[in-house]
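Undergrad: Pasting a structure below so you can have a look.
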Amino acid sequence: DNLLAAVNNLSNVYVMVSRHVEADVLLREVLEKYEKKYAPDSAALIVPRFNYARNLAWMGRYEASLPLLQANLARSVEVYG
């Protein structure tokens, strides 16, 4: 988990400096590993799914991003109220 968190943090730095393609590679890697480790409805997936979908939006890939963000928002409401 510490390594995944570090890679996720690095990907967020890439996002902040507009290196979205590099962020996308890392975010997909992080998300894939989280999805293998946790159940599909686990709250642990909320942040990595959001980070991935947010980066897609910032890359202009709105059609791919919107359904992911909507599903993640619904799951966040279920978990956190």
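Undergrad: What percent does the relative contact order of the chain come to when contacts are Cα pairs within less than 8 Å and at least six residues apart? Write down the numbers at each step before the final one.
TA: Values: 68 pairs, mean separation 19.6, N = 81.
Relative contact order for the chain comes out at 24 percent.
Undergrad: With every protein chain present, what is the per residue accessible area of the chain (1.4 Å probe, Å²)? Write down the numbers at each step before the final one.
TA: On the way: 5170 Å² over 81 residues.
Here the per-residue accessible area is 64 Å².
Undergrad: If I compute solvent accessible area with a 1.4 Å probe over the protein chains, what percent of it on the chain is carbon and sulfur? List each step's numbers first, then the result.
TA: Values: 3120 of 5170 Å².
That share works out to 60 percent.
Undergrad: Per-residue counts of other Cβ atoms within 10 Å, averaged by peptide: what ranking do you get for 72-78, 16-22, highest first? Walk me through the numbers before you get to the answer.
TA: Working: 72-78: 13.7, 16-22: 12.0.
Going by the mean number of other Cβ atoms within 10 Å, highest first, we get 72-78, 16-22.
The values are calculated or read from the model by the stated rules, or taken from the named source; none is laboratory data. Keep in mind that what you see is a predicted model, and the values were worked out from it rather than measured. A quick note on method: Cβ atoms are made from the backbone with ideal geometry, for glycine too, and the neighbour counts reach across all protein chains shown. Ligands, DNA and RNA are stripped out before the accessible areas are found, and what is left, the full protein with its side chains, is counted by its heavy atoms. Shrake-Rupley method; radii C 1.70, N 1.55, O 1.52, S 1.80 Å.
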